[in-house]
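The values are calculated or read from the model by the stated rules, or taken from the named source; none is laboratory data. These numbers come from a predicted model, not from an experiment. Positions of Cβ are generated from backbone atoms using ideal geometry, with glycine treated the same way; all protein chains shown enter the neighbour counts.
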């Protein structure tokens, strides 16, 4: 009965979000049907557009999987953007180090692994500040975001700048032999998509079918009680930061080797904060990450068509995303309120 009530509130919240979105579109002087039609056309109208949806989906899904580990542990890892950026930095460093010494396949493999390790170290850094420094993970994460972005800027405009010029467009582009292969002449990489699918499968198995996942849920539900019961809470919390950072770092690596083919100052492209929305909507259900991430990926790519055909800002997609998340959270909160207080 409780599950049915929760589902009812969530469906009602989504309907309300769509109604409010339509009102906003009408106030902007456009037709809601035309806007949604253009978004769908912009995302799926051609094979190239659909490939861009997949190219965005792969890193977004990987980051969302990582965030689900910290969410399960009761942590809000807002340092995810910095972990993506540091993963991109580590990937670029490894490519610069190995591109002339190893075959492309080995150099790419080492670069992606380096990205995962870099993101993991940045995630553990946030965890250490939270656990041992007594700094809230939100503030620690946001501070580390600025530090990682500043380091990326320093490298792009300093030691790794393009020959004779420093530009916001990033470092010098890597040779095509160091790009991940794609489907035909599109932007979508089958290797990136495979890594994303492996990430979601790993997340489902680890969180749902292992002792580690059970302990992580216990820590997230009640930290003090889990400690009293003998669960190594500090180890679980640091592990969640490490796993989340590793996933984010791999996503940062894919941004370098599959999307931009260079390090750019904003290598995360806001995917970390978008993944936070995906994970919030999924709750603790890893099975929902793929469809929700796919929806947001299609919304982001499809909205690029709005300025061209309807003379509307592409940022309207952000309004739709924010409205949807707001109402779903309100629906979840209302459901909890109706259920009444839970005994502790």
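Details
- Options 282, 225; residue that is surrounded by 14 or more Cβ atoms within 10 Å (Cβ to Cβ) and either out of contact with any strand residue (DSSP E or B) (no Cβ under 8 Å at 6 or more places or on another chain) or within 30 Å of residue 46 (Cα to Cα) (or both): 282
- With respect to the conditions (1) in contact (Cβ under 8 Å) with a residue 24 or more places away in the chain; (2) assigned to a helix (DSSP H, G or I); (3) buried (at least 19 other Cβ atoms within 10 Å of the Cβ), residue 75 falls short on a single one, namely (2).
- For segment 275-290, filtering for residues that are in contact with a helix residue (DSSP H, G or I) (Cβ under 6 Å, 6 or more places away or on another chain) and within 22 Å of residue 120 (Cβ to Cβ) leaves 5.
- Of the residues contained in segment 91-98, none is found to be under 17 Å from residue 321 (Cβ atoms), in the same structural domain as residue 187 (by TED's automatic domain parsing) and within 18 Å of the chain's Cα centre (by Cα).
- Screening residue 86 with (1) within 20 Å of residue 234 (Cα to Cα); (2) surrounded by 24 or more Cβ atoms within 10 Å (Cβ to Cβ) gives one miss only, at (1).
- Matching entry among 299, 290 (being over 17 Å from residue 144 (Cα atoms), modelled with pLDDT under 90 and within 17 Å of the chain's Cα centre (by Cα)): 299
- Only one of 37, 91, 109 that is out of contact with any strand residue (DSSP E or B) (no Cβ under 6 Å at 6 or more places or on another chain), buried (at least 16 other Cβ atoms within 10 Å of the Cβ) and assigned to a helix (DSSP H, G or I): 91
- Count of segment 233-287 residues which are without any contact (Cβ under 8 Å) to a residue 12 or more places away in the chain and part of a helix (DSSP H, G or I): 1
- Qualifying residue in segment 113-122 (condition: surrounded by fewer than 16 Cβ atoms within 10 Å (Cβ to Cβ) and either assigned by TED's automatic domain parsing to the domain that holds residue 181 or outside any helix (DSSP H, G or I) (or both)): no
- Residue match in segment 178-192 (condition: under 25 Å from residue 71 (Cβ atoms), touching a helix residue (DSSP H, G or I) at 6+ places or on another chain (Cβ under 7 Å), assigned by TED's automatic domain parsing to the domain that holds residue 283 and touching a residue at least 12 places away in the same chain (Cβ under 8 Å)): yes
- The residues of segment 126-161 that are surrounded by 15 or more Cβ atoms within 10 Å (Cβ to Cβ) and not in a helix (DSSP H, G or I), listed by number, are 135, 160, 161.
- Flag for residue 208 being surrounded by 14 or more Cβ atoms within 10 Å (Cβ to Cβ) and either assigned by TED's automatic domain parsing to the domain that holds residue 296 or in contact (Cβ under 8 Å) with a residue 24 or more places away in the chain (or both): yes
- Condition check for residue 51: in the same structural domain as residue 185 (by TED's automatic domain parsing), crowded, with 17+ Cβ neighbours inside 10 Å, part of a helix (DSSP H, G or I) and out of contact with any helix residue (DSSP H, G or I) (no Cβ under 7 Å at 6 or more places or on another chain): yes
- Applying the condition of being farther than 19 Å from residue 102 by Cβ and touching a helix residue (DSSP H, G or I) at 6+ places or on another chain (Cβ under 7 Å) to segment 163-177 and asking which residue is modelled with the lowest pLDDT yields 166.
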